[in-house]
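The values are calculated or read from the model by the stated rules, or taken from the named source; none is laboratory data. Predicted model only: the values in this text are computed from it and were never measured. Here the Cβ positions follow ideal geometry from the backbone for every residue, glycine too, while neighbour counts run over all protein chains shown. Calculation scope for accessible area: heavy atoms of the full protein, side chains included, ligands and nucleic acids excluded. Shrake-Rupley method; radii C 1.70, N 1.55, O 1.52, S 1.80 Å.
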Amino acid sequence: MAGSDPFFEVKNAFYLGNYQHCINEAQKTKVSDPLLKAERDVFMYRAYLAQRKYAVVLDEIHSASSPELQAIRLFADYLSNEADRPSIIKTLDGKMSGSVDIANSTFLLMAASIYFHEQSFGSALRVLRQSESSLECAAMMVQTLLKINRVDLARKELKRMQEADDDATLTQLALAWFNMTVGGEKLQDAFYIYQEMCDKYTTTPLLLNGQATCLMLQGKVDDAESLLQEAQEKDSNNPETLINLIVASQHLGKSFEVTNRYISQLKDAHNKHCFVGDYTTKEREFDRLCKQYTPSVAS
């Protein structure tokens, strides 16, 4: 696979969550063909998005850029401008209601990603189903179907991925997600998939969090915490790591100060994360209920 794809290292690093390596490899890879350059740049700019470096994308992608890069700019605009999101979604809805170039899998992925962020999972699936051959669109379909608890449909999509390329990193990751959702004995299978990727390529916060989640679901929280601490050393502000550390610290009976430290760090670095939104809503609801039961007259 690596021999047939000049950007295997770039793409693989992106899929595994090794975003800086993806950027470094993309910048080292010199190509003269405009189509190949666009393919390389798609993953480089998506890696910048994953690092939340939206300004880089917005500054460097302009009106003369390829349609694939324009799609990435649209997603960067959505992520960086919360106030403009309604108008961006309206624009996207207009694009989707017209003629869509289904060969542009990058646009389909970026459009689906926006709908996914909006928790409009039906819209995301409708977009992704238009792809005829993109393995990444198929992987996102599996992810979305698992999100809405349609394990039956996710199994069918995963089978199609396996028939297309069983050894592909995306297929193996999708299999790990599926096994984690199924649970039981499949949790160990998922753990081994992540371990194999760590051994074959490198450990990343994405892979370590996958392993830690498998362990926590098996009740092995002490072992999970060790992996999460390793993940935190690689990226101290990774939101999934912080969320899993919050969960692990609660299960391990850590002090309030330890758990609250992770919560404060998550709020500070990722105040727009859906977990933070849900947590803040529950905090307000708890405070409201407490006030209802506060004695009106001090004893």
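Taking the chain as the reference, fit the longest principal axis to its C-alpha atoms, fit the long axis of helix 135-147 to the helix C-alpha atoms, and give the angle between the two in degrees, 0 to 90, nearest 10. Rounded to the nearest ten degrees, it is 20.
Using the Cα gyration tensor of region 131-191, with a ≥ b ≥ c the square roots of its eigenvalues, what is the shape: rounded (a/c below 1.5), prolate (a/b larger than b/c) or oblate (neither)?
On the way: a/c = 2.16, a/b = 1.34, b/c = 1.62.
Oblate, since a/c reaches 1.5 and b/c is not below a/b.
Just add up the charged neighbours of VAL151: K/R +1, D/E -1, any other residue whose Cβ is under 14 Å from the Cβ of VAL151. Here the count lands on +4. Placing unit charges on the Cβ atoms of the charged side chains and taking the dipole of the chain about its Cα centre, the candidate lying farthest along the positive direction among PRO239, SER120, PHE14 is SER120.
Give, in nm to one decimal, the length gained when the segment between ASN237 and MET96 is fully stretched (0.36 nm per residue of separation minus the Cα-Cα distance). Each step should come with its number before you reach the end.
Details: separation 141, 0.36 × 141 = 50.76 nm, distance 3.47 nm.
Here the answer is 47.3 nm.
Inter-label distance, SER4 to GLN250: 4.6 nm, where each label sits 7 Å from its Cα along the C-beta direction. The helix-only estimate of mean residue ellipticity at 222 nm for the chain, built from DSSP H runs of length n ≥ 4 each weighted as -39500 (n - 2.57), is -23500 deg cm²/dmol after division by the residue total. Computed about the Cα centre, the dipole magnitude for region 148-294 is approximately 680 debye when only Lys and Arg (+1) and Asp and Glu (-1) carry charge, each at its Cβ. Under a Gaussian network description of the chain, with springs only between Cα atoms under 10 Å, the residue in ILE148, ILE114, ILE72 that fluctuates furthest is ILE148. Restricting region 258-299 to chymotrypsin sites (Phe, Trp or Tyr not before Pro) that sit in a DSSP loop and have at most 12 other Cβ atoms within 10 Å of their own Cβ leaves TYR293. Between ASP101, ASP235, ASP287, the Gaussian network model of the chain with springs among Cα atoms under 10 angstrom shows the greatest mean-square fluctuation at ASP287.
May I ask you to derive the FRET efficiency for ALA50 and ASP222 from their Cβ-Cβ distance with R0 = 30 Å, giving the value to the nearest 0.05?
Values: r = 30 Å, r/R0 = 0.99.
Computed FRET efficiency for ALA50 and ASP222: 0.50.
The fraction of accessible area contributed by carbon and sulfur in region 1-148 is 49 percent, rounded to a whole number (1.4 Å probe; ligands and nucleic acids excluded).
For the chain, the Cβ-based charge dipole about the Cα centre amounts to some 800 debye (Lys, Arg positive; Asp, Glu negative; other atoms uncharged).
For the pair CYS198 and LYS37 in one chain, pulling the backbone fully straight at 0.36 nm per residue adds 55.1 nm over the alpha carbon distance.
Please find the FRET efficiency linking LEU289 to ASP189, where r is the Cβ-Cβ separation and R0 is fixed at 41 Å, and quote it to the nearest 0.05.
Numbers: r = 42 Å, r/R0 = 1.03.
After rounding, the FRET efficiency stands at 0.45.
Couplings 3J(HN,Hα) of region 25-42, computed from phi: 5, 5, 6, 7, 7, 9, 9, 9, 5, x, 5, 5, 4, 5, 4, 5, 5, 4 Hz, in residue order, whole Hz [Karplus 6.51 cos²θ - 1.76 cosθ + 1.60, θ = phi - 60°; x for Gly and Pro]. When the square roots of the Cα gyration tensor eigenvalues are ordered a ≥ b ≥ c, the ratio a/c for region 198-274 is 1.5 or more and a/b does not exceed b/c, which makes its shape oblate.
Whole-Hz Karplus values for region 269-279 come out as 8, 9, 5, 9, 5, 4, 5, 5, x, 5, 5 Hz, taken residue by residue from phi with 6.51 cos²θ - 1.76 cosθ + 1.60 and θ = phi - 60°; glycine and proline positions read x. Annotation: ARG46 carries an accessible surface of approximately 30 Å², with a 1.4 Å probe and no ligand, DNA or RNA atoms counted. Compared with the alpha-carbon gap, the fully stretched path from PHE275 to GLU118 is longer by 55.2 nm at 0.36 nm per residue.
Using the Karplus relation 6.51 cos²θ - 1.76 cosθ + 1.60 with θ = phi - 60°, the per-residue 3J(HN,Hα) values for region 152-158 come to 4, 6, 4, 4, 5, 5, 4 Hz, with x marking Gly and Pro. Considering only GLU163, GLU25, GLU257, the Gaussian network model of the chain with Cα springs below 10 Å gives its largest mean-square fluctuation to GLU257. With both labels modelled 7 Å from their Cα along Cα-to-Cβ, the LYS282 to GLN20 distance reads 3.3 nm.
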